[in-house]
Each structure stands twice: as C-alpha cells, then as structure tokens.
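Chemist: Structure in structure tokens, see below.
We did not get these values from a lab; they are worked out from the coordinates using the rules stated. Everything numeric here is computed off the predicted structure, so don't read it as measured data. Glycine also receives a Cβ, built like all others from the backbone with ideal geometry; neighbour counts cover every protein chain displayed.
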C-alpha cells in the first residue's frame, strides 16, 4: 500500500513537469507564446500606449540601443558565454526582469539564438540588412500583456496559488472576457500596489545569483526614502494615471521626458553679488549661487 | 547640473567659469574601487548623490571675479543624462544677472 501511494505521489509530482515541459525553442515560438496582439482588438488605446513603452522593448535600451550586447560577447562580462552555441538562460540574469518568460517558458536554445542575434547586430562586418534583421528578431521579445496580467499577477503564491491557465488578472474582475484563450479575468489584489512594480523595479543588488549584480534600485528607494518620509502614493498613482500603459518615462520621446522631469523636479535659484573681505583691505568680488532642487517623485532620480 | 558664470576679465575679454554637480547612485563591483556603469558590472552602490524624494537638494556655489569686475551672468542648467553625457534631456535653465554694485 505504501509502495502504491509512493507511485501515485511520484506520478502526481511528475505530471506538472510534463505539462510545463512544453517550452519555446526559438525566439519566434516564445514571442508567439506571449503574443498580446489580440488584446488590441478591444483595448486599442491601452495597447497603443504600451507599444510606445519600455515594456514593449525591454531588451532594446534607449534610443535603439541593445542593452544585452555585452552579455553576448565572450569575456566582456562574468556572465558571457565562451561559445554562443553553448549560451543558456544563466548567461542572461537580466531575464529575471527584462524577459521573465524566458526563465519559465523557454529552452536554452532561445538564449543561443539571442546571443547570435546580439553578436550579429554588433558585428561591423555584417551588412546593414543582417544587422537590422537581427535587431528585429530581438525586438520580438517583449514584456507584453500576458507577462504582467498573468505570470506576474500573483505574488502571494503560497496562499493564492500560481496564476491559472486561461485566466488573466487585473485590478477588476471580468466574468466573461471575450478572448479565445483568456475567457476570464480575475482581480489581482496587488496590481494597484507598488509591491507589484517592485517585482522588477528593484531593491538593490540581486544577491540570489551566483554572481551578484545590480540593476534598478527604484523600489528600494521608494520604500526607504519615500515611504520612510511619510509618502503615501503608489507607483501606479503617478505613472499609470487613468490606466495609462505608457508608464512614462518613454526615454525615446525627448519632449515628453523633459515635460515629465519638469513636473517631478523644481529648481529654485537665488544669487548674491558682494565684496568679501578676505583680510584687511583685501576684498574679493564674489558671486554666490544657491540652488535648491525639490522632487515630487516617489523615488530617487535617477533610477529605473 | 551645470552652473555657469560669464563675465569679463581685466582686459575686457569674455570669461566663462563652470561648476558641475552630479546627482546619481554610484556603484562598483565590490572587487575594486572603480565605479561601474551597466547592470552586468555593477554590484552595489558605494555612494548616492541622487535626488531623493522629500529631501530638497541644496547647493551653494561660489565664483570669485577678477579685481574690478562688478557683474556676471549666471546660468543654471539642470538636465538628465540617459546613457552618457551626450544624451542630455533638458529640464530647467535659469539665468540671472548678478551685480556687485547697488
């Protein structure tokens, strides 16, 4: 009896592994698995805002750059693979936030393809078309609707379990959702909370890796400076007003970035001109400039 | 932030003096003391001069003028640098004329 129970337990444990074994082998497969383009049919405004956001280009950096290139280059970082053909997800710790679906839903072959594309895009000996094609392939990897509204939507997994298949999560529940794959929308209890954004927007060094590294500190700054100083607003209160999915800033938009920074940072300047008496009968003509920068942001500036 | 004072020298030539202040977290790899840029190299902040919420950042910047020079044009430029000093996003520019004589 004990033996049979053990067999059943092993089968039960193995079953989810079999299901989750269906992983993307290529960038195209991973992009298709997380394709959000059907969301546009009903949520056009939100989709268009997202398309301009950094979430839509998490591997592209700003102004068309490719932020992961050093990780693909042999010897450039502690994470870089010696051979592009042997690249794995471990070579890309940035996946933790910049492409979380690659950790849960991609084979290492996706890391190989990404490495080769990054190297091609940076290779001066390649043609412009080859470089543009490589870049376009990398651009398919996005933080789309499904990443945030499914994979990342539940934080209290011990109490609430994993996100369910075929269910999206949002700030409001929708009993009947008119989508072929996601027929239901459940309420996520954390989606309006800064904690939700803090999943990726950083506390400080990522010490859980075998080589620590540090990207954004934004959430740490929010907790330890803004909240500690009596702040009460959430990330969403300022960066997602009226449900805006641009989630500004969009650093590719110079004018919009200036406007946002102007709103967040006030500069006061006071000047004084006088003759300073350095010693008896010795005056120095002095100009004093007093500046005060006041921030209404809920986090340090700059950060990410 | 760049604070510029433009004034004349004793010979009447234009002189421009600049002082800069840099506001940002500064990290190393914690294996040496060289600041690193880029998440793949940074490990932890060792200094943080960034602009913090609810904590006004105050500076007093002084310029000494040459003897006999009684005026300067002061400009304060506050801008955001994206990836490097060439990628500037302007925020505020404030100009004031400073006179030493009443």
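Chemist: Taking only Cα atoms and a 10 Å spring cutoff, compute GNM fluctuations for chain A and point out the largest among A:118, A:207, A:66.
Modeler: Among A:118, A:207, A:66, the largest GNM mean-square fluctuation belongs to A:207.
Chemist: While we're here: Going by the alpha-carbon gyration tensor, a ≥ b ≥ c the square roots of its eigenvalues, is region A:123-257 rounded (a/c under 1.5) or, if a/c is not under 1.5, prolate (a/b greater than b/c) versus oblate?
Modeler: It comes out oblate by the Cα gyration axes.
Chemist: Of A:178, A:161, A:202, which has the largest mean-square fluctuation in a 10 Å C-alpha GNM of chain A?
Modeler: In the Gaussian network model the winner is A:161.
Chemist: 222 nm [θ] for chain A, helices only, -39500 (n - 2.57) per DSSP H run of 4+, per residue, to 500?
Modeler: Using -39500 (n - 2.57) per qualifying helix, the result is -9000 deg cm²/dmol.
Chemist: Treat each spin label as a single point 7 Å out from the Cα along the C-beta direction, and report the residue B:64 to residue A:130 distance in nm.
Modeler: Placing both labels 7 Å beyond Cα along the Cβ direction yields 6.0 nm.
Chemist: Going by C-beta contacts inside 10 Å, put A:50, A:251, A:276 in order with the fewest on the left.
Modeler: Lowest count first: A:276, A:251, A:50.
Chemist: Another question about this same structure. Mean projection of the alpha-carbon convex hull of region A:256-295 over all orientations, in nm²?
Modeler: Averaged projected area of region A:256-295's Cα convex hull equals 3.6 nm².
Chemist: What is the mean projected area of the alpha carbon convex hull for chain A, to one decimal in square nanometres?
Modeler: 25.5 nm²
Chemist: Rg(Cα) of chain B divided by 2.2 N^0.38 Å?
Modeler: Cα Rg divided by the expected 2.2 N^0.38 Å: 1.42.
Chemist: What is the fewest-to-most order of A:232, B:4 by other Cβ atoms lying within 10 Å of their Cβ?
Modeler: A:232, B:4
Chemist: Roughly how many whole Å is it from the C-alpha centroid of region A:259-287 to that of region A:62-137?
Modeler: The distance from the Cα centre of region A:259-287 to that of region A:62-137 comes to 49 Å.
Chemist: Please arrange A:221, A:36, B:50 by how many other C-beta atoms lie within 10 Å of their C-beta, fewest to most.
Modeler: Least crowded to most crowded, the residues run A:36, B:50, A:221.
Chemist: Need one word for region A:21-107: rounded, prolate or oblate. Basis is the Cα gyration tensor (sqrt eigenvalues a ≥ b ≥ c); a/c below 1.5 gives rounded, then a/b vs b/c decides.
Modeler: Judged from the Cα gyration tensor, region A:21-107 comes out oblate (a/c at least 1.5, b/c at or above a/b).
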